Amino acid sequence: KSQVGFSGTLEAFLTSLKTDKKAMPYKTAPEVIAAFNSVLKKIEPKLKTMFSVNPKTSFEIRQTEKFREASASAEYIPGTPDGKRPGIFYTPIPDATKYNVTNGFESLFLHEAIPGHHYQISLQQENTNIPKFMRFGWFGAYGEGWAHYTETLGPELGLYTDPYQKMGYLSDQMLRAVRLVVDTGIHGGTMSREEAIKYYLSNISDSEEGATAAIERYMAIPGQALGYKIGSLKIAELRAKYEKQLGNKFNLAKFHDEVLSQGCLPLDVLERKMELWGKKQ
C-alpha cells in the first residue's frame, strides 16, 4: 500500500485497485499473452536450480476461446501422454484493458502452468513405471496443494518484485484463507449461501458476480477449496522439516523431484514416502 503511495485504509486501497490504471497495464489480448510468456522467460534459469527432472511434454499459453470466455476461469488443460498435444494454460481475456494483475498474474502462472499443474501432471503422465490408475489419477489435496505451494516459490524465482504483482499474490493467498472459512462453514452447516457471499466480498476485492460464482462452486464441490490449503501446508511443512533435519545435505531440486516422482498421492502416503527419502539422504 505504501509502495504505491496510497494513504487511505486497507479497505479503500482494495477498492482503489479495481480502477487503478497501473494495475491494468494492457491494451490488447496478445499483450497479456506476451506478459505471461515473459514470466516464463524470467523464471526459466531459476527452475534449473529447483528441479532436475523436467517434463518432456511441451507447453503453450493461449487465450480462452471466445465461445466460452465469458464464463471461464484461467485453467490448465493437460497434454496427451504421447506428447502430440501440449499442456495448455488458458486465460480468458474478454477485455484486455480491464485485465487486472492484482487478481493474481505471476502467482496464477506459477499455479496453473509452470512449475504448478504442468510440471506435476506431465511428469505423472509420462511416468510409465507406475500403473495407469496412478498415471491418470487425481487427489485434490495433492494436485491443488502442489500448485498452491508453487505460488510461494515466487520470490525464489525472482517474481513479486512489482508491488501490483505482489498484491496479486497476496490476494490469491487471501482467497485461499477465505475459502477455508466458507467451504467448512457451508458444509459444516454454520454458514448460508448469502452469508458466505457477504463474507467473501468483505475480505476480497471482487465483483458480486465473481463472488457468487465462487461460492456456488464451493457449494457444489465439498472440501475442494479446503484441499488446496491442506495440501500446500503439508508440502511446505515437509520442506521445512527436511531443510532443518538435513542441513547442508538438503537439496531443493531433489526434494521437489521426490515429491513429484510418483504422481498424486494421499498426503499420509506422501509423508511416509518423504520420510524414506529423508533417511536415504
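The values are calculated or read from the model by the stated rules, or taken from the named source; none is laboratory data. It should be emphasised that the depicted structure is a prediction, and the values quoted were computed from it without experimental measurement. Here Cβ is always computed from backbone atoms with ideal geometry, including for glycine, and neighbour counts include all displayed protein chains. Remember, those area values only see protein heavy atoms, side chains included, never the ligands or the DNA or RNA. Shrake-Rupley method; radii C 1.70, N 1.55, O 1.52, S 1.80 Å.
Side notes on the structure shown:
- Calculated mean residue ellipticity at 222 nm for the chain: -18000 deg cm²/dmol, from DSSP H runs with n ≥ 4 weighted as -39500 (n - 2.57), summed, divided by the residue count and rounded to 500.
- Cleavage-rule hits (GluC sites (Glu not before Pro)) in segment 1-72: DSSP loop, at most 13 neighbouring Cβ within 10 angstrom: GLU65
- Computed from the alpha carbon positions, the gyration tensor of segment 1-151 leads to an equivalent ellipsoid with semi-axes of 32, 18, 15 Å, biggest first.
- Whether segment 154-208 is rounded, prolate or oblate, judged on the alpha carbon gyration tensor where a/c under 1.5 counts as rounded: oblate
- Modelled this way, with points 7 Å down the Cα-to-C-beta line, the labels at ASN54 and ARG272 are 3.5 nm from one another.
- The convex hull defined by the C-alpha atoms of segment 181-260 has an orientation-averaged projected area of 7.2 nm².
- Taking a ≥ b ≥ c as the square roots of the eigenvalues of the alpha-carbon gyration tensor, segment 82-228 is classed oblate because a/c is 1.5 or more while a/b is no larger than b/c.
- Average Cα contact separation per residue, the chain, under 8 Å, 6 or more apart, as relative contact order %: 21
- Near-label residues of segment 207-236 by backbone N, under 19 Å of a point 7 Å along Cα→Cβ of GLU194: 208-217, 219
- Ligands, DNA and RNA left out, the 1.4 Å accessible surface of the chain is 56% carbon and sulfur atoms.
- The length gained by stretching the chain between GLN173 and THR97 to full extension, at 0.36 nm per residue less their Cα-Cα distance, is 24.9 nm.
- 20 Å Cα-Cα threshold exceeded, pairs from LYS1/LYS27; LYS254/LYS280; LYS132/LYS241; LYS48/LYS166; LYS48/LYS241: LYS1/LYS27; LYS132/LYS241; LYS48/LYS166; LYS48/LYS241
- Overall, the ratio between the Cα radius of gyration of segment 127-186 and 2.2 N^0.38 Å, rounded to two decimals, is 1.51.
- Counted charge near ASP183, where neighbours are those whose Cβ lies closer than 14 Å (Asp, Glu -1; Lys, Arg +1): +2
- Of all aspartates and glutamates in the structure, the ones whose alpha carbon falls short of 20 Å from that of LYS22, not counting any fewer than 8 places away in one chain, are GLU11, GLU31, ASP95, GLU106, ASP162, ASP172, ASP206.
- Option label - Rg/Rh (Cα atoms, Kirkwood Rh) computed here, alternatives (i) 0.96; (ii) 1.14; (iii) 1.11: (i)
- For a label point 7 Å along the Cα-to-beta-carbon line of GLN3, residues of segment 145-164 with backbone N under 18 Å: 151-164
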